[in-house]
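The values are calculated or read from the model by the stated rules, or taken from the named source; none is laboratory data. These numbers come from a predicted model, not from an experiment. Here the Cβ positions follow ideal geometry from the backbone for every residue, glycine too, while neighbour counts run over all protein chains shown. Quick note on the areas: whole protein, heavy atoms, side chains included, nothing else; ligands and nucleic acids left out. Shrake-Rupley method; radii C 1.70, N 1.55, O 1.52, S 1.80 Å.
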Amino acid sequence: MAEIHLKDISHAYMPEPKGPEDYALKALDHVWQDGGAYALLGPSGCGKTTLLNIISGLLTPSEGAVKFGEQDVTTLDTAHRNIAQVFQFPVIYDTMTVRQNLAFPLRNRGVSAGDIDARVLEVADLLGIIDRLDEKASGLTADAKQIISLGRGLVRRDVNAILFDEPLTVIDPHLKWQLRSKLKALHQQFGFTMIYVTHDQTEALTFADKVVVMNDGEVLQIGTPEELFEKPIHTFVGYFIGSPGMNFLDAKVDGNQAMIAGQSIALTANYADTHNGKTEVGIRPEFLSLHSPDHKTNAGIRVTVQTVEDLGRHRVVKVDAAGTPVTVLVHEDEEVPSGDATLVFDPARTLVYRDSRLVEGVG
Ligand code: ADP
Ligand code: MG
């Protein structure tokens, strides 16, 4: 096994790309650590499959190189890269039994019969299909077939990486949860590099140590679930990760003050007032609080409470801040004022974005 280096790659499906908008995958340089558990997360059409197929060798990037350790594998196919890939829909042989399907990738590589039997049993046990090993694949339901496809991806011990492209799409929600936990356990047990594509943040955040957030062909941030929650470096990441997502409010920022809808709040760092583009303040619903309208603070603005949705331990409160909708998460022990209220920002959690990118203040 080796680390995987995507060296200044990008990809356009069209022959003569003219501008960035013609690229399904925009410029990326990244080293995937050997043994890492990664999720590729982003909305449909953002380039996740394109990126995954470049790693596996199904696709050659228009620009750049793919290296496994010191070896340049840019023009090698999937088999020669020693990669297992599980797709969104089942890829199995209908004429074979479940056992034969699971054994196939091993038989192909000349593994001994005894080792094949043992490994097939181990994987079948992991996936809960031991009692179905002698069934013909043709008679299985779509989700059972997909579990066999997963098994085929997991059966080899000698792979450089296992790539999963939204593999649980056709699986029912309850089983999905179980399988995801099994994949995570398997990663911990065997230490393969695993890259898991999904558009579902819960799947990404529970599976991965590092989440790669993509939008519109661009990798916006690679970070731990905690980093993505605490310091999204792009407004898209703030909005896409978290439930509900991060709030962004138009602001004018000068020194350690932000003016929002004509009212000023305190920041913990200083920012120069030299920006001509769009400036926003970003804060997660968890770090806002609501108080009565006469509450005195230098970190609050006047708002109007509009709706309250009770989720048990929390309530999701939507307020109006001079025309901008803001979402606040209020713990069940706290009061929610009705009508006019003061919305208080936790200064340590109040971030500043310029043209959608996080900027760090000084001091
Ligand atoms: P995702 O997996 O995130 O849904 P894809 O990587 O499949 O996204 O697609 C990224 C972009 O590239 C989309 O705009 C898609 O329409 C385009 N695309 C994907 N495959 C091809 C192809 N074979 N030929 C042309 N365009 C493609
Ligand atoms: Mg895809």
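Around E16, with a cut-off of 14 angstrom between Cβ atoms, what is the net charge of the other residues, counting Lys and Arg +1 and Asp and Glu -1?
Numbers: positive: K18; negative: E21, D22, E63.
Once positives and negatives cancel, what remains is -2.
Quick one: grab the alpha carbon gyration tensor of the range 72-200, order the square roots of its eigenvalues as a ≥ b ≥ c, and give me rounded if a/c is under 1.5, else prolate or oblate depending on whether a/b is larger than b/c. Walk me through the intermediate numbers first.
On the way: a/c = 1.43, a/b = 1.07, b/c = 1.34.
Judged from the Cα gyration tensor, the range 72-200 comes out rounded (a/c under 1.5).
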Discussion item. Sort R152, R180, R357 by heavy-atom solvent-accessible area, probe 1.4 angstrom, most to least.
Written reply: R357, R152, R180
Item to complete: Please find, in a Gaussian network model of the chain (springs between Cα atoms separated by less than 10 Å), the residue of I265, I283, I195 whose mean-square fluctuation is greatest.
Response: I265
Worksheet item: What ranking of T224, T141 comes out by heavy-atom accessible area, probe 1.4 Å, highest first?
Response: T141, T224
Item to complete: Enter the accessible area of H30 (Å², nearest 10), with the probe set to 1.4 Å and all protein chains included.
Response: 40 Å²
Worksheet item: Using a Gaussian network model of the chain with C-alpha springs under 10 Å, which one of F287, F207, F248 is most mobile by mean-square fluctuation?
Response: F287
Worksheet item: Between K231 and N270, what is the label-to-label distance in nm when each label sits 7 Å out along the Cα-to-Cβ direction?
Response: 2.1 nm
Item to complete: For D216, put the label point 7 Å out on the Cα→Cβ axis and report which residues of the range 48-75 keep their amide N under 18 Å from it.
Response: 48
Worksheet item: In the neighborhood of A322, defined by Cβ-to-Cβ distances under 14 Å, what is the net charge if each Lys or Arg adds +1 and each Asp or Glu adds -1?
Response: -1
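Go ahead and estimate [θ] at 222 nm for the chain from helices alone: -39,500 (n - 2.57) per DSSP H run with n ≥ 4, summed, over the residue count, rounded to 500.
Values: 9 runs with 88 residues, N = 363.
After summing the helix terms and dividing by the residues of the chain, the value is -7000 deg cm²/dmol.
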Worksheet item: Roughly how many whole Å is it from the C-alpha centroid of the range 247-300 to that of the range 69-119?
Response: 54 Å
Worksheet item: What figure in square angstrom, to the nearest 10, would you give for the accessible area of F87 with a 1.4 Å probe?
Response: 80 Å²
Worksheet item: When the Cα atoms of the range 139-239 are enclosed in a convex hull and the volume is divided per residue, what value in Å³ results?
Response: 116 Å³
Fill in: Compactness of the range 247-359 as Cα Rg over 2.2 N^0.38 Å, two decimals
1.05
Worksheet item: So for the chain, taking the charge dipole from beta-carbon charges (+1 Lys/Arg, -1 Asp/Glu), which of A27, I147, I265 sits furthest toward the positive end?
Response: I147
Item to complete: Show which lysines lie in cross-link reach of K145 when reach means a straight Cα distance below 19 angstrom and same-chain residues fewer than eight apart are skipped.
Response: K136, K176, K182
Worksheet item: In the structure shown, do any of K184/K210; K231/K252; K67/K184; K18/K67 have a Cα-Cα gap over 18 Å, and if so which?
Response: K231/K252; K67/K184; K18/K67
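Top to bottom by accessible area (1.4 Å), largest first, where do D333, D22 land?
Working: D333 125, D22 35 Å².
Correct descending sequence by accessible area is D333, D22.
If contacts are Cα pairs under 8 angstrom and at least 6 residues apart, what is the relative contact order of the chain in percent? Mind dumping the intermediate values first?
Numbers: 748 pairs, mean separation 55.9, N = 363.
Reported as a whole number, the value is 15 percent.
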Item to complete: Can you figure out the FRET efficiency of R109 with D209, using R₀ = 25 Å and their beta-carbon distance, to the nearest 0.05?
Response: 0.30
Discussion item. Based on alpha-carbon centroids, what's the gap between the range 136-183 and the range 1-64 in Å, whole number please?
Written reply: 23 Å
Worksheet item: Going by the alpha-carbon gyration tensor, a ≥ b ≥ c the square roots of its eigenvalues, is the chain rounded (a/c under 1.5) or, if a/c is not under 1.5, prolate (a/b greater than b/c) versus oblate?
Response: prolate
Worksheet item: GNM on the chain, C-alpha springs below 10 Å: top fluctuator among D72, D131, D29?
Response: D131
Response to the item:
Counting Lys and Arg as +1 and Asp and Glu as -1 over every other residue whose Cβ sits under 13 Å from the Cβ of D340, the net charge comes to -1
Fill in: Heavy atoms of E334: accessible area, 1.4 Å probe, square angstrom to 10
90 Å²
